Amino acid sequence: MSAPAPTSQPGAAAAAVPAPAGPAGGGELGTRTTPRPWQRPAPTQAQLRMDAAAALALFAGALLAMALQRAAMLFTDPAHPVLSVVALAGITLPLALRRRYPATVLVVVSAVFIVAGETLVPETLITNIALFMALYTSGAWISDRRRALVLRLVVVDVMAIWLLVSFFRIATDPPDGEQVDIGPGTLSPLAAFMLVQVLINALYFAGAIWFGNHAWKAARDRHLLIERAHDLQAERALVEAQAVTIERMRLARELHDAVAHHVSLMGVQAAAARTLLDRDPGRAGGALERVEDAARDAISELHTLLGTLRAEPDGGVDPGSTDPVGSLGVERIPDLIEDARHGGLQVQYQVIGEPVPMRPLASLNLYRIAQEALTNARKHAGNGAQVDVRLRYLPEAVELEVADDGAGRRRRPVRTGSGGLGLVGMRERVGTDGGTLHVGPRREGGFLVRAQVPLTPTALAADEHRSPDEEQEAPA
């Protein structure tokens, strides 16, 4: 029995075959798992066209290599030319569908490869490349990973058995009558040739399997990166929407505090002017002047807030706007006290401790809380009520306390659980600074608002403490 040519086994020419370049990509990302095993998308039309062109090029190259090897007479008894052409077509042309049907292509190419080796088709280089591509593609494109592994192992086992059978043939019928000595320390040229074949085939099949797995992981990792990029874009859009919502809430809070205070003050002064218009025109004129001042202040603050809404995307603001809101702080609380006194309240104001510089936002928030508390006292405690305002500078915080005796008129209780927007705004302001808020009725009568904010910013807002009777009376 004649032995097969030395290079007829798969991988014999693998040393001269460049490793196929797998898709670019890093190692396995593994840190993120998908709800179900990832399914590789179907090949695109461009990939299918590329595979068809590659299959035709390999077939043409195989025909050329067969003609050259026939001319070089490397095979003593080669297969018939027609059978050779059919075998080469069966090995190379199925690669046109290697990404669409990777398992079927691998089975067909492997089977025809063995037939070509048994019939001594005079071509080994291109056929080895084709088998390598089929093995590589099955590892890179079969979505069922268990199936891909089992299929490739079966092909490798079949090829290994075929290689052992070939070795047995050579050992039992050595070429040119060569004797094969088997014993300790003996290594004939034929035995050395067999060992080389084993090494080449091991590297050949291991490379095809490794590159296929690497291409699969690279494609999956690219999919995960794209998915993460989409998640990040969605998260960014959500954060931007939340930022817009927070800014709208801040502007709404500023509008509520400014409008409620100034409009309430204007209403009180206008009522006083109407009452005094006939009896004391001078005092009525003074009340109308205070109405004018309050309206001017309200319009100024509203103009600034509307200018913020008209701000350009790069941060530019309407050049015609002023910045009274940014200049408001605890140092302007005496102005609120004076307005409250003109509105009919009897207000006492004390500053306890040594004043220290405050963060602008914390100072503005305390100013707004004082403004809201005085507005509520004027609306709910009534004219003539006694209001005590104290600003305490503590070692690590600043505390504002606004308490009234409710002597102007008896307040009507509201339903439990209802709360005005003013109290909500107070809680939001204090929570922003990481401080505490206490609001509720006093035991001796009246209402108490106590807000404390730290002098240094804190990462976590403290819990807001509320008295058990807080919800019994909720100023608007």
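Quick note: the coordinates plus some simple rules give every number you see, no bench work behind them. Quantities reported herein were computed from a predicted structural model and do not represent experimental measurements. In this analysis, Cβ positions are derived from the backbone assuming ideal geometry, glycine residues included, and neighbour counts consider all displayed protein chains.
Determine the gain in length on full extension of the stretch R296-A72; use 0.36 nm per residue of separation and subtract their C-alpha separation, reporting nm with one decimal.
Full-extension gain reported as 70.1 nm.
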Efficiency of FRET between L83 and T104 - r from beta-carbon atoms, R0 35 angstrom, step 0.05
0.95
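Counting other beta carbons within 10 Å of each residue's own, what order do H80, H380, H223 fall into, fewest first?
With the sparsest Cβ surroundings first, the list reads H80, H223, H380.
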Using 0.36 nm times the number of residues separating L48 and V165, minus their current alpha carbon distance, what extension gain do you get?
38.4 nm
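At a 10 Å Cβ-Cβ cut-off, how would you order I129, I161, fewest neighbours first? Walk me through the intermediate numbers first.
Working: I129 22, I161 10.
Ordered by Cβ neighbours within 10 Å, fewest first: I161, I129.
At a Förster radius of 45 Å, what calculated FRET efficiency corresponds to the Cβ-Cβ distance of I226 and R442, to the nearest 0.05?
On the way: r = 62 Å, r/R0 = 1.37.
Efficiency for this residue pair is about 0.15.
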So, in nm, how far is label A252 from label T172 when the simple model puts each one 7 Å beyond its Cα toward the Cβ?
9.1 nm
Estimated inter-spin distance, D280 and T245, nm [label 7 Å along Cα→Cβ]
5.2 nm
